[in-house]
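Since the structure comes first, as structure tokens, the remarks are kept for the end.
The values are calculated or read from the model by the stated rules, or taken from the named source; none is laboratory data. What you see is a predicted model, and the numbers here were worked out from it, not measured in a lab. Note that each Cβ is placed from the backbone with ideal geometry, even for glycine, and that neighbours are counted across all protein chains shown. Accessible surface areas use protein heavy atoms only, side chains included; no ligands, DNA or RNA. Shrake-Rupley method; radii C 1.70, N 1.55, O 1.52, S 1.80 Å.
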Amino acid sequence: MDLLTSLLATAFLAGGVLAFAALGEVLAERVGVVNLGVEGLMAMGAVTGVAAVTAVPSPAFGFLASLAVGAALGIAFASATVFLRANQVLCGLALTLIGTGLSATVGRGYSGMPSPAVFERVEIPLLSKIPVLGPALFSQNILVYLIYIVLPVALHYLMFRTRHGLNLRAVGENPAAADSAGIPVGLIRFAYVVAGSALSAGAGAYLTLAFVPSWSDGVVAGRGWIAVALVIFAGYRPIPVVLSALFFGFVTALGFVGQARGWPVGAAVLSMMPYLGTIALIIVPVLAWQKVRRLMAAPASLGEPYHRDLR
Amino acid sequence: MVEWRLQRLPSAGTGAALGARIAAVLLALGVAAVALVLAGQNPFALAAQVIRATFGSTFGLEDLGLLLIPLLLTGLSVAVGQQIGVWNIGAEGQFYIGAFAAAAVGLFLPGSAALILPLMFVAGAVGGMFWILVPTLARAYAGVNELITTLLLNFVAALLVYYVATGPWRERGGVSNSATARIPAEIPEFWGLVHWGLPAGVLMALGFAALLAYSRWGYEVRFAGSNAKAARYAGMPVRRHLVTVMLLSGMIAGIGGMLEIAGTVHRLQGGISNNFGYLGIMVAVLARNSCLGVIASAAFMAVILNAGIVLQTQGLTSATVLAITGLILFLTAVGDEVSHYRIVRGKV
């Protein structure tokens with residue numbers, strides 16, 4: 001493969017982790033709940049994926065198992081933040097600590113070994129024969145198509161083209177008004193936070209079953225936090241989230257290629273780039289163009305628990 | 001008709017909040033004990049071992065004292081930020097950079113300890129402030145959420161320290177190939193291995209508690225923290241206070257890194273901030289962001305952390321301790337909300 005093709009192929013593969021996790025966070029934040037547990041959910045999903053395929057050598061099984069673990073943790077998080085109305089920032093940080101610590105504890109036996117079963121590349125007939133783009137876009141594992149095509153389109157349609165989507169956005173903007181209109185605020189918040197948590201954990205499984213593909217302590221390496229930042233940068237919209245994740249994948253791919261080809265930039269600097277880049281991405285647009293603040297604004301009730309009796 | 005019902009109070013009472021914390025800790029430890037039983041361990045024997053190893057020997061108490069210092073400083077850092085409603089999740093990174101800056105002074109400036117130690121202190125403080133500068137300006141002038149910017153800088157700081165400790169500053173032919181040479185200037189000890197960083201940290205906590213409680217500045221900061229709009233309306237310089245408080249928060253964490261380098265570890269190495277920044281969030285939350293309470297909750301967290309170290313021989317790791325800490329944090333957050341409620345009997 002030539003340079004451009006391998007760059008693009010790696011960009012799609014690397015960006016997929018962030019896109020997947022960030023789509024999960026979009027679901028939670030659109031209904032007004034900040035889930036800062038993405039990093040921990042990804043860690044748990046990553047270790048679950050490897051543990052599951054070690055027991056049953058099927059990548060689909062590993063992926064589903066990590067979705068289930070993510071949903072279970074999401075139920076705990078959503079029960080606390082939506083029904084008990086506990087502080088979302090604290091519960092999210094707690095979820096990150098629990099997930100990071102627990103995954104390292106249960107994952108010790110799997111550390112460093114290659115995943116026994118991984119998602120293989122699927123060559124799409126004809127399309128994969130296109131020069132340059134073909135091998136990069138149409139010769140990826142099946143999850144890549146799910147992440148870049150199926151999920152963003154489906155979520156965009158759901159959120160912006162259906163009555164239910166209007167309702168769920170209303171819950172995030174003004175839960176009191178939504179409640180008055182008869183929308184079940186608590187139930188919608190709960191359901192989307194749990195679904196979002198499952199997706200974030202699935203991103204972890206993508207990491208260990210398709211991208212890296214092995215488990216080691218610290219394999220998530222802050223990607224959960226980058227995903228949270230991408231959601232802000234992309235204005236809480238599914239399609240921009242996926243595009244900005246792809247951009248990030250491209251930056252990561254440049255780092256890989258740079259290291260492989262011995263570009264005269266230190267490996268330390270290259271590994272800092274994603275974090276510094278994310279910080280720049282969430283600060284610079286706001287400074288450069290005041291209008292984006294309103295356009296890309298967070299749901300108005302983001303982070304605020306809803307008490308019907310305190311309306 | 002008279003019946004029992006729940007009533008939500010605007011703020012939880014101190015007693016209820018304290019009770020919620022104690023209940024959260026006990027419940028989390030209970031869950032950990034059940035997990036240990038399921039893993040085939042005897043939690044009571046382990047607990048006895050922890051208590052014996054921690055409180056039963058001078059050595060254990062010295063370890064506790066040494067762990068207390070960084071937890072005190074990072075906890076105070078988070079608690080000070082919270083006075084004006086700021087989440088400094090970056091204490092971890094500021095701690096790293098404080099240690100990095102102090103190590104730079106200690107390694108490369110010649111001079112007696114009496115001269116170098118104050119310089120290291122200043123370097124640590126300035127390093128911590130520098131590391132929170134961009135998140136501070138972004139929050140104050142562009143409204144960018146400080147949670148994520150401070151957090152992402154933790155990774156950069158950890159990579160930077162790891163890079164210099166294993167690369168350019170590495171001690172050639174040293175005992176470890178991932179640490180710098182020993183820094184000659186050392187904070188003197190006052191009790192066994194415990195150095196004067198501990199009283200210094202306690203004094204800082206007392207100082208900030210007094211400043212916040214009794215000065216005009218402290219009043220305005222707390223006012224702005226509970227209602228920024230009203231504070232602006234009352235003519236208080238909210239943005240200036242925000243900048244000052246965030247820089248102070250970074251400074252405290254940076255000083256924590258300096259004390260760790262100059263008093264406890266004496267070398268810069270990768271992972272010098274052993275999750276102290278994240279545990280500092282725990283310390284501040286358990287203390288309900290009270291600067292005095294931080295002293296007590298840091299002591300508690302030091303016991304938990306030390307328990308993890310004692311139990312490493314039993315197959316537990318620092319990761320397990322992190323998970324248990326997270327569980328305590330989760331249950332505390334729930335308990336905090338529950339303690340807002342009281343049961344009242346009244347007419348419907």
Worksheet item: How many of the residues making up region B:1-30 are open to solvent by 70 Å² or more (accessible area, probe 1.4 Å), under 16 Å from B:ILE324 (Cβ atoms) and within 14 Å of chain A (Cβ to nearest Cβ)?
Response: 1
Practice prompt. Could you figure out which of (1) open to solvent by 40 Å² or more (accessible area, probe 1.4 Å); (2) within 23 Å of A:ALA297 (Cα to Cα) isn't true of A:VAL106?
Written response: (2)
Discussion item. Here's a check for you: in region B:141-154, which residue that is assigned to a helix (DSSP H, G or I) and surrounded by fewer than 18 Cβ atoms within 10 Å (Cβ to Cβ) is farthest from the other protein chains (Cβ to nearest Cβ)?
Written reply: B:TYR141
Discussion item. I want to confirm something. Restricting to region B:38-78 and keeping residues that are within 14 Å of chain A (Cβ to nearest Cβ) and either under 19 Å from B:PHE190 (Cα atoms) or of a type in the set (A, V, I, L, M) (or both), which single residue is least open to solvent (accessible area, probe 1.4 Å)?
Written reply: B:VAL78
Worksheet entry | When residues of region B:332-348 are limited to those that are surrounded by 21 or more Cβ atoms within 10 Å (Cβ to Cβ) and either small (Gly, Ala, Ser) or in a loop (DSSP other than H, G, I, E, B) (or both), the one nearest to the other protein chains (Cβ to nearest Cβ) | B:ALA333
Worksheet item: Any idea which of A:TYR206, A:TYR148 is within 16 Å of A:PHE119 (Cβ to Cβ), aromatic (Phe, Trp, Tyr) and either in contact with a strand residue (DSSP E or B) (Cβ under 7 Å, 6 or more places away or on another chain) or open to solvent by 30 Å² or more (accessible area, probe 1.4 Å) (or both)?
Response: A:TYR148
Discussion item. If the requirement is being out of contact with any strand residue (DSSP E or B) (no Cβ under 7 Å at 6 or more places or on another chain) and closer than 23 Å to B:GLY207 by Cα, which of these qualifies: B:PHE59, B:PHE95, B:PHE44?
Written reply: B:PHE95
Fill in: Answer from A:ALA191, A:ALA227 - the residue that is free of Cβ contacts under 8 Å to residues at least 24 places away in the same chain, farther than 22 Å from A:PHE119 by Cα and out of contact with any strand residue (DSSP E or B) (no Cβ under 7 Å at 6 or more places or on another chain)
A:ALA191
Worksheet item: Within region A:1-19, can you find the residues that are open to solvent by 30 Å² or more (accessible area, probe 1.4 Å) and either β-branched (Val, Ile, Thr) or touching a Lys or Arg at 6+ places or on another chain (Cβ under 8 Å) (or both)?
Response: A:THR10
Worksheet, complete the sentence: Out of (1) open to solvent by less than 20 Å² (accessible area, probe 1.4 Å); (2) under 30 Å from A:CYS91 (Cα atoms), the one B:GLN83 does not meet is (1)
Item to complete: Any residue in region A:102-125 that's touching a residue at least 40 places away in the same chain (Cβ under 8 Å) and within 14 Å of chain B (Cβ to nearest Cβ): show its pairings with residues that are in a loop (DSSP other than H, G, I, E, B) and among the aliphatic types (A, V, I, L, M) at Cβ separation under 8 Å, as long as the two are six or more apart or on different chains.
Response: none
Discussion item. Taking the criterion of being touching a residue at least 60 places away in the same chain (Cβ under 8 Å), hydrophobic (A, V, I, L, M, F, W, C) and not in a helix (DSSP H, G or I), would at least one residue in region B:231-238 satisfy it?
Written reply: no
Worksheet entry | Options B:LEU259, B:LEU292, B:LEU248, B:LEU329: the member that is within 14 Å of chain A (Cβ to nearest Cβ) and either part of a helix (DSSP H, G or I) or open to solvent by 30 Å² or more (accessible area, probe 1.4 Å) (or both) | B:LEU329
Response to the item:
B:ALA224 vs (1) over 17 Å from B:LEU329 (Cβ atoms); (2) surrounded by fewer than 17 Cβ atoms within 10 Å (Cβ to Cβ); (3) out of contact with any Gly (no Cβ under 6 Å at 6 or more places or on another chain): all pass except (2)
Worksheet item: Considering B:ALA165, B:ALA157, B:ALA114, B:ALA101, which residue is touching a residue at least 24 places away in the same chain (Cβ under 8 Å), open to solvent by 10 Å² or more (accessible area, probe 1.4 Å) and of a type outside the set (Val, Ile, Thr)?
Response: B:ALA101
Discussion item. Within region A:56-70, does at least one residue satisfy the condition of being within 24 Å of A:MET113 (Cα to Cα), in contact with a strand residue (DSSP E or B) (Cβ under 8 Å, 6 or more places away or on another chain) and open to solvent by 10 Å² or more (accessible area, probe 1.4 Å)?
Written reply: no
Fill in: Extreme residue, surrounded by the most Cβ atoms within 10 Å (Cβ to Cβ), among residues of region A:225-251 that are more than 22 Å from A:GLU173 (Cα to Cα) and at the interface with chain B (Cβ under 10 Å from one of its Cβ atoms)
A:ILE226
Practice prompt. Evaluate the following for B:GLU62: is it closer than 30 Å to B:GLU220 by Cβ, among the acidic types (Asp, Glu) and assigned to a helix (DSSP H, G or I)?
Written response: no
Fill in: Verdict on A:TRP225 being under 15 Å from the mean Cα position of the chain (by Cα) and not aliphatic (A, V, I, L, M)
yes
Practice prompt. Could you tell me which numbered condition A:LEU95 fails, if it satisfies all but one of (1) without any contact (Cβ under 8 Å) to a residue 40 or more places away in the chain; (2) open to solvent by less than 30 Å² (accessible area, probe 1.4 Å); (3) within 14 Å of chain B (Cβ to nearest Cβ)?
Written response: (1)
Discussion item. Being under 26 Å from A:THR48 (Cβ atoms) and either in contact with a Phe, Trp or Tyr (Cβ under 8 Å, 6 or more places away or on another chain) or not charged (D, E, K, R) (or both) narrows it down to one residue among A:GLY258, A:GLY277, A:GLY218; which is it?
Written reply: A:GLY218
Worksheet item: Restricting attention to region B:186-227, which residues are in a helix (DSSP H, G or I), in contact with a His (Cβ under 9 Å, 6 or more places away or on another chain) and charged (D, E, K, R)?
Response: B:GLU220
